[in-house]
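Down below is the structure, laid out as structure tokens.
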């Protein structure tokens with residue numbers, strides 16, 4: 001009976017720990033640089049954040065800001081924000097992404113990352129998803145059109 005319980009506990013423990021499926025930082029960086037979007041997104045999101053890893057991870061994430069996949073660029077920008085002041089080298093690349101990227105989600109993620117890395121010089125102001133203010137005149141015009149129906 002005890003052997004069965006220990007076996008079940010061992011199975012549960014291995015399931016919780018992921019059965020040793022963790023990838024090393026170098027493997028994740030290689031996936032990020034591979035050019036494949038799915039692997040790049042997973043790598044960007046699972047790269048470790050820490051002072052010991054910043055020297056390897058931040059340059060790889062900066063490079064990923066020019067990846068052909070929108071989701072990879074967005075994930076890289078978000079992850080760079082997690083490094084805060086350790087990612088100061090990413091500021092020029094994030095500024096370029098914020099101003100020139102063709103995907104609004106990437107531009108927004110780059111702006112948020114900049115505000116996390118250097119909040120004094122780059123305070124975050126949302127640029128995406130803002131609704132235009134409706135002036136009283138335009139509201140009256142809309143109501144008059146609705147009334148005609």
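Does residue 105 satisfy the condition of being at pLDDT below 55 and farther than 20 Å from residue 84 by Cβ?
So residue 105 does not fit the description; no.
State all residues of region 82-113 that are crowded, with 20+ Cβ neighbours inside 10 Å and closer than 19 Å to residue 43 by Cβ; if no residue qualifies, say none.
Listed by number, the residues that qualify are 83, 87, 90, 93, 94, 97, 106, 109, 110, 113.
Please work out if residue 77 is free of Cβ contacts under 8 Å to residues at least 40 places away in the same chain, under 16 Å from residue 108 (Cα atoms), under 13 Å from the mean Cα position of the chain (by Cα) and part of a helix (DSSP H, G or I). First the steps, then the outcome.
On the way: free of Cβ contacts under 8 Å to residues at least 40 places away in the same chain: yes; under 16 Å from residue 108 (Cα atoms): yes; under 13 Å from the mean Cα position of the chain (by Cα): yes; part of a helix (DSSP H, G or I): yes.
Taking the combined requirement at face value, the residue satisfies it.
Every residue in region 30-68 that is surrounded by fewer than 20 Cβ atoms within 10 Å (Cβ to Cβ) and in a loop (DSSP other than H, G, I, E, B), please.
34, 35, 36, 48, 49, 50, 51, 52, 53, 66, 68
The values are calculated or read from the model by the stated rules, or taken from the named source; none is laboratory data. All values reported here derive from a predicted model rather than from experimental measurement. Cβ coordinates were reconstructed from backbone atoms using ideal geometry, including for glycine residues, and neighbour counts include every protein chain displayed.
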